[in-house]
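Please read the structure below before turning to the comments.
The values are calculated or read from the model by the stated rules, or taken from the named source; none is laboratory data. Model, not experiment: these values are computed from the prediction. Cβ placement follows ideal geometry from the backbone for every residue including glycine, while neighbour counts extend to all protein chains displayed.
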Amino acid sequence: MLTCAALVVLLALVTCSVAIGEVPLAPDAALKGLLGLGDAADVLIVQQFRAPRMVAAVIAGAGLAVAGALLQRMFRNPLASPDVMGVTGGASFGAVAMLAAGASQALIPLAALGGGLLAAVLLGVFGWRSGVSATRLVLVGLAVQAGLTAAVNFMVVRFPTELAGSALQWTTGSVYGRTWTEVWAAGAAVVVALAAAFLLHRKLAVLDLGDDSAGALGVNTDAARLQVLVTAVALASLAAALTGPVAFVALAVPHMVRFLAGPPTAGTLALTGLAGAVLLLASDLVAQYLLPVSGLPVGVVTATLGAPWLLVLMIRQSSSVNRSVR
């Protein structure tokens with residue numbers, strides 16, 4: 001039921017995103033244009049200007065949300081998410097470095113993936129002390145995220161004027177100006193990573209039983225965790241290649257789905273992806289049409305929602321730690 005409701009909401013948002021704009025279109029004409037039917041002018045407006053932005057938001061939102069769900073489940077920590085643990089900062093660093101080198105836009109997803117993996121390596125080097133401590137990883141991740149964000153800001157400032165605008169999304173997160181080249185390159189890779197995430201669901205279910213039980217069932221726990229971590233990093237990095245470091249989606253959506261749908265299953269993982277797509281696409285529509293300031297990137301909307309959410313989670317996490325110490 002919840003999955004069907006999410007699909008209906010997503011379809012409504014998709015219709016709004018291709019119909020609303022400087023040249024408003026009727027919903028049926030917009031959907032026909034999305035399919036390449038109807039008036040040639042409508043097809044041009046929808047397919048060349050509105051659809052790439054919409055598809056980028058849908059794919060990136062789904063990828064970020066599923067990545068957050070994987071990390072939170074693996075580390076059993078509600079604060080574990082790509083934007084908190086430095087992965088999106090690393091993806092932004094890789095993408096901006098590629099832009100600074102003057103490389104093709106088609107290589108941006110690969111550079112973002114490399115940057116996300118770099119962040120994961122830094123996280124492991126500085127956060128691993130005789131095993132994985134979730135609290136330590138979150139704190140180190142915040143430091144890695146801050147450092148890589150500072151490096152991105154430095155490169156943006158040092159860019160020539162004509163490149164600074166194209167790199168601006170990597171400081172706030174935006175789907176403005178997405179092209180089909182970028183969408184196909186990163187989007188196809190996100191779809192593959194999403195498929196890998198669903199294939200790993202059974203291993204995650206076994207890991208939920210604990211290391212001893214998982215080992216007794218024949219699962220190599222270290223290898224399984226590495227597979228989940230690489231999949232989550234790939235999802236977040238490739239999503240960031242489309243949008244930049246969009247906050248809140250990966251952190252909050254898994255919590256919302258758990259609250260509404262209960263314990264994690266393959267179905268709730270699919271619902272998480274749909275909810276992430278709905279949230280990011282809705283936030284982009286709010287940024288475009290409902291705020292008094294025009295031209296705001298979607299990352300401003302999601303960060304405004306995410307800051308108080310992160311504060312509440314950190315307070316709850318601190319309270320639970322204090323109670324366990326007592």
Which of the residues belonging to segment 242-261 are at pLDDT 85 or above and at positive phi? F248
Evaluate segment 296-306: report whether one residue or more is without any contact (Cβ under 8 Å) to a residue 12 or more places away in the chain, out of contact with any Leu (no Cβ under 7 Å at 6 or more places or on another chain) and farther than 16 Å from F75 by Cα. yes
Would you please name the residue that is surrounded by the fewest Cβ atoms within 10 Å (Cβ to Cβ), looking only at residues in segment 266-297 that are touching a helix residue (DSSP H, G or I) at 6+ places or on another chain (Cβ under 6 Å) and in a loop (DSSP other than H, G, I, E, B)? L296
Tell me which residues, restricted to segment 158-176, are farther than 18 Å from G90 by Cα and at pLDDT 80 or above. V175, Y176
Which residue, of T231, T221, T171, is within 15 Å of L71 (Cβ to Cβ) and among the polar types (S, T, N, Q)? T231
Considering only residues of segment 298-311 that are surrounded by 11 or more Cβ atoms within 10 Å (Cβ to Cβ) and over 14 Å from the mean Cα position of the chain (by Cα), which is modelled with the highest pLDDT? V301
Write out, first by first residue and then by second, each pair whose Cβ atoms fall under 6 Å of each other, whose residues are 6+ apart or on separate chains, and whose first residue, in segment 196-213, is surrounded by 14 or more Cβ atoms within 10 Å (Cβ to Cβ) while the second is in a loop (DSSP other than H, G, I, E, B) and not charged (D, E, K, R). V206/L217; V206/V219
Restricting the first residue to segment 92-107 and requiring it to be closer than 13 Å to L242 by Cβ and part of a helix (DSSP H, G or I), which pairs with a second residue that is modelled with pLDDT under 80 and among the hydrophobic types (A, V, I, L, M, F, W, C) meet a Cβ separation below 8 Å and a spacing of at least six or different chains? S92/W170; A95/I108; A95/W170
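Here's the yes/no breakdown for (1) within 23 Å of G115 (Cβ to Cβ); (2) part of a helix (DSSP H, G or I):
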residue: F198; (1), (2): no, yes
residue: G215; (1), (2): no, yes
residue: A223; (1), (2): no, yes
residue: L229; (1), (2): yes, yes
residue: L242; (1), (2): yes, yes
residue: A247; (1), (2): yes, no
residue: A252; (1), (2): no, yes
residue: P264; (1), (2): no, no
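Within segment 166-173, is even one residue surrounded by 23 or more Cβ atoms within 10 Å (Cβ to Cβ) and in a helix (DSSP H, G or I)?
yes
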Among the candidates G124, G68, G63, G116, which residue alone is in a helix (DSSP H, G or I), under 30 Å from G210 (Cβ atoms), small (G, A, S) and at pLDDT below 85? G124
Only residues that are surrounded by fewer than 23 Cβ atoms within 10 Å (Cβ to Cβ) and of a type in the set (S, T, N, Q): list them for segment 73-95, please. N77
Go over the candidates V8, V58, V46 one by one and state the one that is crowded, with 21+ Cβ neighbours inside 10 Å, out of contact with any Asp or Glu (no Cβ under 8 Å at 6 or more places or on another chain), part of a helix (DSSP H, G or I) and without any contact (Cβ under 8 Å) to a residue 60 or more places away in the chain. V46
Can you report the number of residues in segment 28-60 which are closer than 13 Å to W180 by Cβ and either of a type in the set (V, I, T) or touching a strand residue (DSSP E or B) at 6+ places or on another chain (Cβ under 9 Å) (or both)? 3
